[in-house]
Amino acid sequence: LSSAQWRVLDANIDKVASAIEACEASSQEQLVCEMSNTRRCTVSKYKGKVLVNIREYYEKDGEMRPGMKGASLAVEAARRLVAHASQISARVASLE
């Protein structure tokens, strides 16, 4: 992620927990935020497991589809990311 994309994710980080709960209840993909035209954070189920995805998307036939580039975090790893978001933001800011 670029620092600008991290800031967008950080500004929406509180939506991750509710998106996880909604996905567990409905099994439908939940959009947390769009960090750019081609990068999104979503929550979805894959093979029965809920995953938080930070992934690049591409357009095909007028529809945005997930690409190969990205990361899928298990719920526990995503909760650690949320818990440490302020520390990550401070580190990102120090590198700019």
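The values are calculated or read from the model by the stated rules, or taken from the named source; none is laboratory data. If you're wondering where the values come from, they're calculated on a predicted model, not measured in any experiment. So basically every Cβ, Gly included, is an ideal-geometry build from the backbone, and we count neighbours across all protein chains shown. Keep in mind that these areas ignore ligands, DNA and RNA; they rest on the heavy atoms of the full protein, side chains included. Shrake-Rupley method; radii C 1.70, N 1.55, O 1.52, S 1.80 Å.
Checking VAL92 against (1) of a type in the set (A, V, I, L, M, F, W, C); (2) crowded, with 16+ Cβ neighbours inside 10 Å; (3) at pLDDT 95 or above, only one condition comes out false. Which one?
That leaves (3) as the condition not met.
Any idea how many residues of the range 24-55 are open to solvent by 40 Å² or more (accessible area, probe 1.4 Å) and aliphatic (A, V, I, L, M)?
So the count comes out to 2.
For the range 1-33, what are the residues that are assigned to a helix (DSSP H, G or I), over 13 Å from ASN53 (Cα atoms) and not aliphatic (A, V, I, L, M)?
SER3, GLN5, TRP6, ARG7, ASP10, LYS15, SER18, GLU21, GLU24, SER26, listed by residue number.
With respect to SER36, determine if the residue is under 25 Å from SER3 (Cβ atoms) and either in contact (Cβ under 8 Å) with a residue 24 or more places away in the chain or touching a helix residue (DSSP H, G or I) at 6+ places or on another chain (Cβ under 8 Å) (or both).
Yes: the conditions hold for SER36.
Looking only at the range 56-78, count every residue that is hydrophobic (A, V, I, L, M, F, W, C) and open to solvent by 100 Å² or more (accessible area, probe 1.4 Å) and tell me the total.
1
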